[in-house]
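Please treat every number below as a calculation from the coordinates, not as lab data. Everything numeric in this text was worked out from a predicted model, so none of it was measured. Positions of Cβ are backbone-derived with ideal geometry, glycine not excepted, and every protein chain shown enters the neighbour counts.
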Amino acid sequence: MKMRNLVMTTMALALAGNIAAVYAMPPADGANRPDGDQHGKLRHKVNRIFNAVDADGSDTITLDEWLAKLTEKARIHFDRIDSDDDNLISLDEFLAVGHGRGDGRGHDRGRDHDHEPDIDVDHDAVRACVADATGDDVPQRPDRETAFGEIDTNDDGFIDFDEFLAAKTERATNRFNTIDADSDGAITKQELAKELMQHRKHRRTVRDCVEDQRETDELLG
Ligand SMILES: [Ca+2]
Ligand SMILES: [Ca+2]
Ligand SMILES: [Ca+2]
């Protein structure tokens, strides 16, 4: 099953999430070293992640710790999407994610917009702009009905928590392996800092591309 297209976050992305997460992250490489005040902020952010995920306080994050935290987050995320509390995510519930503004439930606010950005954005154009700026290919995501079908692996028309968690786990494991740059099975603060810098840079690129598009729209009237 293909899980990379799911509507999900990993811990690192969740901390910085916004529209940028919609567009594929290039592999971490040669992120600029932060300096001054920015360096201090980044260090605090890295420390916050470690405090939350490094369960045994060893100053490294293992895959087990990563996935334990993921499971905790997945339960919360699942329950938010499962708006009728029947412990299954229907297609309607799934499609409502990211379109919850004004639905009266209020719990969509401030979440998942990193996966489902504003409807007036031309995502193909943003993808092309990001690819042009970074030199990396930006894969297209499937539509949400296709994504639903990929998570619903037993094809019963609903996503149960096991399916949901399996999808998240595959994605989170891939993320872990990307961040664990030396492949020693543990994420250090340095590895995470590098990834966050890379992610931040990517976000800036996406933001610039979206802004260009909006300004063009405004100029066109
Ligand atoms: Ca439900
Ligand atoms: Ca199912
Ligand atoms: Ca490592």
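Tabulated data for the structure shown
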read-out	value
Cβ-based exposure ranking for THR71, THR205, THR134, in which fewest neighbours within 10 Å come first	THR71, THR134, THR205
J(HN,Hα) series, the range 197-212, from Karplus relation 6.51 cos²θ - 1.76 cosθ + 1.60, nearest Hz, glycine and proline x	4, 4, 5, 5, 4, 5, 4, 4, 4, 4, 4, 4, 5, 5, 5, 4
Sites matching trypsin sites (Lys or Arg not before Pro) across the range 122-212 that sit in DSSP coil, with at most 16 neighbouring C-beta atoms within 10 Å	none
Diffusion constant of the range 123-221 at 4 °C, which comes from Stokes-Einstein with the Kirkwood Cα-pair radius and 1.567 mPa s, µm²/s	78
